[in-house]
Amino acid sequence: MVQKDRKVVKAVIDKPNIRLGKEGINENVLNDVKTYIKNEGVVKIKVMKSFKALYSANVNLVAHEIADMVNGEVIDVRGSTFVIAKKRR
């Protein structure tokens, strides 16, 4: 439990692992998110301006949509970035 919290804090502070651009939410992005969650427990994703312009998307809704697709939970949303972690049991 404590180890996971440290990973979440580190993810919030560090640079994003994945950038979500004009290609949108596709199979490659979801596979990368799943890999990061499996290996690290957390992943930080930045939503680029091109994605927001093309899809008129709310970052909070995008975060929850991706979290549902990869069976994770949204931990933090700040501006255009968000952190998803493995669901707690």
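Looking only at residues in the range 1-48 that are hydrophobic (A, V, I, L, M, F, W, C) and exposed (fewer than 12 other Cβ atoms within 10 Å of the Cβ), which one is nearest to R78 (Cα to Cα)?
Looking only at the range 1-48, we keep the residues that are hydrophobic (A, V, I, L, M, F, W, C), and these are 1-2, 8-9, 11-13, 18, 20, 25, 29-30, 33, 37, 42-43, 45, 47-48.
Keeping just the survivors that are exposed (fewer than 12 other Cβ atoms within 10 Å of the Cβ) gives 1-2, 13.
Working: M1: 23, V2: 23, I13: 11 Å.
Going through the qualifying residues, I end up with I13.
Selection of the range 49-69 for residues being surrounded by 15 or more Cβ atoms within 10 Å (Cβ to Cβ) and out of contact with any Leu (no Cβ under 6 Å at 6 or more places or on another chain) yields K52, A57, V59, V62, A63, H64, I66, A67.
Restricting the search to helices (runs of 4 or more DSSP H) fully inside the chain and requiring at least 1 residues that are touching a helix residue (DSSP H, G or I) at 6+ places or on another chain (Cβ under 7 Å) gives 2-13, 27-40, 59-69. Within the range 18-39, can you find the residues that are over 18 Å from S50 (Cβ atoms) and either of a type in the set (D, E, K, R) or in contact (Cβ under 8 Å) with a residue 12 or more places away in the chain (or both)? Residues satisfying the conditions are E27, L30, V33, K34, Y36, I37, K38. Please enumerate the residues belonging to the range 66-89 that are among the charged types (D, E, K, R) and either more than 13 Å from V47 (Cα to Cα) or modelled with pLDDT under 90 (or both). Within the range 66-89, D68, E73, D76, K86, K87, R88, R89 qualify.
The values are calculated or read from the model by the stated rules, or taken from the named source; none is laboratory data. Values in this document were obtained by computation on a predicted structure and should not be read as measured data. Cβ coordinates were reconstructed from backbone atoms using ideal geometry, including for glycine residues, and neighbour counts include every protein chain displayed.
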